[in-house]
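Student: Let me begin by handing over the structure; questions about it come next.
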Amino acid sequence: MQPGELPRTVLPEAARTAFVRMRGITKSFYGARANDGVDFTLQGGEIHALLGENGAGKSTLMNVLTGLYQPDSGEIAIEGHVRRIASPADAIEAGIGMVHQHFKLVPAFTVAENIHLGWNETPFRLDPASLAARTQALSDRFGLAVSPGARVADLSAGEQQRVEILRVLARGTRILVLDEPTAVLTPAEVRALFAALRAFRADGNAVILISHKLGEVLEIADALTVMRAGRSVATGSTAGASRSSLARLIIGDTAIPATVARNETDVPGAQAVPLALRGVSVRDHRGIALLDGVDLDVRAGEILGIAGVAGNGQRALSEVLTGCVRPDAGDVLLDGDASGPRGAREFADWGVGHIPEDRLRTALAADLPLGENAVLRDYRGDAAGSGPFLFPRRLARLARRIIDDAAVNLRDSRIPARNLSGGNQQRLVAERERRIASRVLVAAYPTRGLDVGAVAALHAGMQALRASGVGVVLISEEIEELLAQADRIAVLFAGRIAGILPVAQADAERLGLLMSGQVLPEPVS
Amino acid sequence: MRGFVVQRVPSVSGRVRNAAYAVSALVAVFVAGLLLAALGLHPLALGGSVLKQSLGSRFGVQDLLLLASPLVMCGLSVSLMLRVGLWNIGADGQFYVGAACAAGVALFGPHGSPLLVQITMGLAAMAGGALWIAVPALARLLLGTSEIIATLLLNFVARLGLDWLVTGPWRDPHGMAAAQTARIPDPLPKLPRDWHLGGLHWGLAVVLGLAALLAAAFRFTRWGFELRICGANRDTAAYAGMNVRRRLFQAMLLGGAIAGLGGMLELSGTVHRLQSGLSNGYGYVGIIVAVLAASSPLGCVFTGLLMALVLNAGLVLQTQGVPSSAALALTGLILLFAAIGERLAHYRIVPTRPVAGAGGVA
Amino acid sequence: MPFLKRRALLAGAAALPFLPRLARAASPLPAVAEKDAVIAFGHIGPVSDGGWSTTHHTGLLAAKKAYPAAKFLEVESIPVSADATRTFRQFVENGANMVFVSSEYGDLLSSVADDAPEVAFLECNGHHVSDNESWYYIQHWKVSYIIGVAAAKMSKSGKMGFVGSFPVPSVFGCANAFLLGARSVRPEATVQVILINSWFDPQAAAQAASALIQNGIDMIYTNLDDGSCLQVAAKAGIKCATWNTDMRAMGPDAYVTSLMLDWTQFYVDQIGARLAGRWAGDGHTLLPVGHGVDRDAWGRTVPPEVAAQADAVRTRIIGGWNPIQGEIRDATGKVRVPKGGSLDDIACYEWNWPVEGVVGLKAV
């Protein structure tokens, strides 16, 4: 057979209408079956949700479809023809395009340059004007608003995602695969994305949507497939499905963790304020204020929710609360004292844990083994060594214990952190930080990209910390999560605290008003 | 349809990598043999004399160890900086400056007990090497200037400065054709004669000790752990409360000091005079040593010996009538294969199974 | 330098000043059958340099012809570094009975020689001697003196230039004798020296020559290995004298002459002495004019009367006249050689101060 020629077989009539038909896909890594005889069918003109816990095999299946992995066995038929998708280039040729959770854009390039990067239709002679014009035309055609001349590094996550989708659609994609597309978006951006997806579907194309957000799935998907432990356990229409029925399918026969409710009881000593900000301002290197005169009390034994649209100072707030950044003005008070520890190490020693928003770039050294990531905080403690010395065996034992406590279901602590699923990564970070958070835990978007079970476990952990008298700062964009977990909710807007509501007085409407920068009709405490 | 695809594996175990090195070394030797045969020489006889004269004789082993010592020192210097994710292209310059500082102490410093003189020379050399890298280090940490370019350029400055010293103020008035300083009065003592390595000096022990010390520091100290985290992801290190800048600065200064100490050992142990040929590109070979060793200090001892063997083989080949340019090309070939092997270790060939139902068409 | 003084005395006492001399303080090494003999040559540069290393390679080829049964080893481009020691040791390991090195390696050679007392070592332009080691060189200053006579006659301005390598005695001797020769016929002549810190760096040599020409110099003398100064001189329309080999093809109209080297007879004689069991160390040889070092046939633009005047000086020198006569002042004006005095061969070999009129060299 000539290279480039793909084997084709005509399938029975029943399958011919299917856009994608994957049958008996099996794929193993290091002896573990990530996909075990998976069947998956996608019809034209549908948005198909792919559900499952972290590590259920969703990403593997999609990587097989897009040519990143070769299946150990099984076949893929595209529009009725069996094809071997040997590379991402084959997938693009077959009309399959994937937008990954972590964007694959070049930050220093403009939007137009990113769109045209590695595209065989890119004109040989490049001039910025023609690239911009072509990009604008694409933007209009697919209803995805982008500014061609802007540098990607300057864009928000939502804008970057639009560029990424446009980049994929421009290459003639008819089957669009989206991995957790809404994880980094504001509600308004989610609406815009869904509108674009519906328009795409209306043209007869199809979308595969990997998501953990069951509400969104029910809102936009026509069909769904649920995966569990490498197998496809259910498939069908979304009609008649409910959140609870889906959650049961995803988690399986094991008991569904009840949504962790807020612990209403007061914790002894709850009036203490271990960590407080007084008039804190933080500026970036250009001198633009990220935080502007913030006053905030973190009380012992409470969960303080921080609501707000991403990009309103959340990162600076979490960094200043954990000593990673020193304020340009104002004081960070530890037990009311502004002259206490300074710097991330001193804060950690004092008892501040920190789950940062970017797992793979900040919380973990992605290329280093699981074990070393597990002891990133504890390597300085007496359990790991003595004086300047470190005892590797003790360190390994400690790592093992942290990994086990984090319920990371991987036996080999030498695997690079990068190769863990997102849920496992987050569980490891959460456990590691919980260990040192004797006074305060600052968690930024801790449930982003996690499945139902992992979210429940994380919430339970935070409630347990609260009950033990630790002050927890929960930064989230999901109002439902905040309303369910927090005792008080502060809203961050444009680097300022727009208001702080006790959860009893908070509801989605009032928080929404504050998040959009409007003043509440009545004063709140 | 049966075919094969090549897949990239993101990380490989040390065993796989070592196997890849071994295979690529064999391939390189085989290709080198073909080339020698093409030159009309007898590759097997040449290979035999390379082995016999490098490993089979007392002098050969001594020479190998003597040549390996500066290579390992430069390799350790590069390794230490690679540990924090920085490239030290300037080990050659630090080596020269270290040697010059040591020579200054030896020639013009006070004469005391031999041990004291050696220690003073070593300290001066380390200070010189550290000082030489301090400028690129500060530029890197304060201004973000690439340490690769800065350290590289300072090599030329060091070399020219040394040329000036040995042809100018420090020149040996008794020299004829060679530009060099006078012989240093108190060289590093040789190992005891009855150890059968009588041509070797105590510098070898310093090299091995330093490699072991660094390996232990990497493995058994919190400092070594922090270096590793700083090298893997500086944001993570800062987040975990490590003082990243201080660790980078320490690694750079220490790297410079180690290369400088290497210059002192070469001066005091082997050459005994400061001359512009003191480092025959050792700093650059040190980069290869460190990369082949995957920046492991103990690995550097092995790859340093390996590089010494390869370079020595070049010399042996020349005495056997192979032109110097051909010997150089063969040396380069072996290194090229080693580098390719390291890359190829990341790939494996996977047979593709026939897709069910597709057999009839193919 | 006590040992050199001793050597100088021995040299002065030797009977035949213009033939290769061997001081016989040490006992000879035992004879070697030609078919068992291994003779090694180590070169400082590539044998294809067309200059210094080529002349030694030519000597080796002649020796090969003279002793066809002997085995010859040859390594080129040996750096002055610890690599040199390893290379010389390889010679010994390969059974060499005799090792010639074409430049000064100093301790790098003598440390090997001390460990191999049965092997003869000869170091060109060296100064170390032992029972199995001696050195050899040429009386190049005398030829430079002859070239200086012709150069001064041909220069319009009397401002001449010299491009050299390092501030080492062979450069001092060369530039000094060149000037003394020039001043013998033109007392106001000067020599501007530029050193390029290398024996072989065509680009730097060409830059140095250009710089001299821009300073108004119309006659260049160089003892570098290559002919790039001659090429620059030819382009600028001035004259140039070189070293090592006949380089006239690179600039026939600019070519004055060259200081020609011929090691053939010396190498054949030395190897013969070694094979016969007559070779002993602890001595030195300075090949005289006409026997290993000489001027080349004069260039085609050298006027016959100039050539004749210079050749008359050459005849006197071959006849035994020492041209380096007092009174000689150094560049600071101090009298170094009083009137009536002279510098003997060893003093010229070790010359390390510039004579008055040589600019750009500093006394060591």
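Student: If you go through the stretch B:112-146 one residue at a time, how many are farther than 17 Å from B:Asp92 by Cα and among the aromatic types (Phe, Trp, Tyr)?
Tutor: 0
Student: Name every residue in the stretch A:304-343 that is surrounded by fewer than 19 Cβ atoms within 10 Å (Cβ to Cβ) and of a type in the set (Asp, Glu), in order of residue number.
Tutor: A:Asp328, A:Asp331, A:Asp335, A:Asp337, listed by residue number.
Student: Oh, and also: Filter the stretch A:373-390 down to the residues that are modelled with pLDDT under 90 and more than 7 Å from chain B (Cβ to nearest Cβ) and list them by number.
Tutor: Passing the criteria: A:Asp378, A:Gly381, A:Asp382, A:Ala383, A:Ala384, A:Ser386, A:Gly387.
Student: Can you spot a residue in the stretch C:91-103 that is within 8 Å of chain B (Cβ to nearest Cβ), surrounded by 21 or more Cβ atoms within 10 Å (Cβ to Cβ) and within 17 Å of the chain's Cα centre (by Cα)?
Tutor: yes
Student: Moving on. Restricting to the stretch B:106-122, what's the tally of residues that are surrounded by 24 or more Cβ atoms within 10 Å (Cβ to Cβ) and either within 23 Å of B:Ser276 (Cβ to Cβ) or in contact with a Lys or Arg (Cβ under 7 Å, 6 or more places away or on another chain) (or both)?
Tutor: Of the residues in the stretch B:106-122, 2 are surrounded by 24 or more Cβ atoms within 10 Å (Cβ to Cβ) and either within 23 Å of B:Ser276 (Cβ to Cβ) or in contact with a Lys or Arg (Cβ under 7 Å, 6 or more places away or on another chain) (or both).
Student: Return the total of residues in the stretch B:231-288 being under 19 Å from the mean Cα position of the chain (by Cα) and of a type in the set (Phe, Trp, Tyr).
Tutor: 2
Student: Of all residues being in a loop (DSSP other than H, G, I, E, B) and within 12 Å of the chain's Cα centre (by Cα) in the stretch C:134-174, which is farthest from C:Asp201 (Cα to Cα)? Just the residue, please.
Tutor: Per the criteria, the residue is C:Gln139.
Student: Being within 26 Å of B:Arg222 (Cα to Cα), without any contact (Cβ under 8 Å) to a residue 40 or more places away in the chain and in a loop (DSSP other than H, G, I, E, B): is that true of A:Arg326 here?
Tutor: Answer is yes for this residue.
Student: Now a separate question. Starting from residues that are of a type outside the set (A, V, I, L, M, F, W, C) and surrounded by 12 or more Cβ atoms within 10 Å (Cβ to Cβ), keep the ones in the stretch C:299-314 and report whichever is nearest to C:Ala182 (Cα to Cα).
Tutor: C:Gln309
Student: Inside the stretch A:491-507, can you point out the residues that are of a type outside the set (Val, Ile, Thr) and under 18 Å from A:Leu277 (Cα atoms)?
Tutor: Within the stretch A:491-507, A:Leu492, A:Phe493, A:Ala494, A:Gly495, A:Arg496, A:Ala498, A:Gly499, A:Leu501 meet the criteria.
Listed here are the residues, each with its yes/no results for (1) away from chain B (no Cβ under 14 Å); (2) over 22 Å from the mean Cα position of the chain (by Cα).
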residue: C:Thr315; (1), (2): yes, no
residue: C:Glu327; (1), (2): yes, yes
residue: C:Ala331; (1), (2): yes, yes
residue: C:Gly340; (1), (2): yes, yes
residue: C:Asp344; (1), (2): yes, no
residue: C:Glu350; (1), (2): no, no
residue: C:Trp353; (1), (2): no, no
residue: C:Gly360; (1), (2): no, no
residue: C:Ala363; (1), (2): no, no
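Student: For A:Ser421, indicate whether it is in contact with a Pro (Cβ under 9 Å, 6 or more places away or on another chain) and either more than 14 Å from chain B (Cβ to nearest Cβ) or over 24 Å from A:Leu334 (Cα atoms) (or both).
Tutor: The answer is no for A:Ser421.
Student: Filter the stretch B:246-283 for residues that are within 14 Å of chain C (Cβ to nearest Cβ), modelled with pLDDT of 90 or more and either surrounded by fewer than 21 Cβ atoms within 10 Å (Cβ to Cβ) or in contact with a His (Cβ under 6 Å, 6 or more places away or on another chain) (or both) and give the result.
Tutor: B:Gly269
Student: Kindly indicate whether A:Lys27 is in contact with a helix residue (DSSP H, G or I) (Cβ under 7 Å, 6 or more places away or on another chain) and either in contact (Cβ under 8 Å) with a residue 24 or more places away in the chain or surrounded by 21 or more Cβ atoms within 10 Å (Cβ to Cβ) (or both).
Tutor: In short, yes.
Student: Can you tell me which residues in the stretch C:123-132 are at negative phi and either modelled with pLDDT of 95 or more or within 14 Å of chain B (Cβ to nearest Cβ) (or both)?
Tutor: If the condition is that a residue be at negative phi and either modelled with pLDDT of 95 or more or within 14 Å of chain B (Cβ to nearest Cβ) (or both), then C:Glu123, C:Cys124, C:Gly126, C:His127, C:His128, C:Val129 are the ones that fit.
Student: Restricting attention to the stretch A:373-393, does a residue exist that is free of Cβ contacts under 8 Å to residues at least 60 places away in the same chain, surrounded by fewer than 17 Cβ atoms within 10 Å (Cβ to Cβ) and part of a helix (DSSP H, G or I)?
Tutor: yes
Student: In the stretch A:45-62, what residues are over 12 Å from A:Gly422 (Cα atoms), surrounded by 23 or more Cβ atoms within 10 Å (Cβ to Cβ) and of a type in the set (A, V, I, L, M, F, W, C)?
Tutor: Hits for the stretch A:45-62 are A:Ile47, A:Ala49, A:Leu50, A:Leu51, A:Leu61.
Student: Follow-up. Check the stretch B:129-148 and report whether any residue there is closer than 22 Å to B:Arg183 by Cβ and either assigned to a helix (DSSP H, G or I) or hydrophobic (A, V, I, L, M, F, W, C) (or both).
Tutor: no
Student: Given the residues B:Thr181, B:Thr145, B:Thr221, B:Thr167, which is the only one that is farther than 30 Å from A:Ala384 by Cβ, more than 14 Å from chain C (Cβ to nearest Cβ) and polar (S, T, N, Q)?
Tutor: B:Thr145
Student: Looking at the stretch C:98-110, I want the residues that are on the phi < 0 side of the Ramachandran plot and have a partner that is part of a helix (DSSP H, G or I) and of a type in the set (S, T, N, Q) with Cβ atoms under 6 Å, at least 6 apart or on another chain. Which pairs are those?
Tutor: C:Leu108/C:Thr85
Student: Could you tell me whether B:Val50 is more than 14 Å from chain C (Cβ to nearest Cβ), touching a residue at least 12 places away in the same chain (Cβ under 8 Å) and of a type in the set (A, V, I, L, M)?
Tutor: no
Student: Working only within the stretch A:44-53, note down all residues that are at pLDDT below 90 and in contact with a strand residue (DSSP E or B) (Cβ under 6 Å, 6 or more places away or on another chain).
Tutor: Result: A:Gly44, A:Leu51, A:Gly52.
Student: Taking helices (runs of 4 or more DSSP H) that fall entirely within the stretch A:28-144, which contain at least 2 residues that are under 24 Å from A:Ala223 (Cα atoms) and of a type outside the set (Ser, Thr, Tyr)?
Tutor: Helices (runs of 4 or more DSSP H) meeting the threshold: A:58-65, A:88-93.
The values are calculated or read from the model by the stated rules, or taken from the named source; none is laboratory data. This structure is a prediction, so every number in the text was calculated from the model and none was measured. Here Cβ is always computed from backbone atoms with ideal geometry, including for glycine, and neighbour counts include all displayed protein chains.
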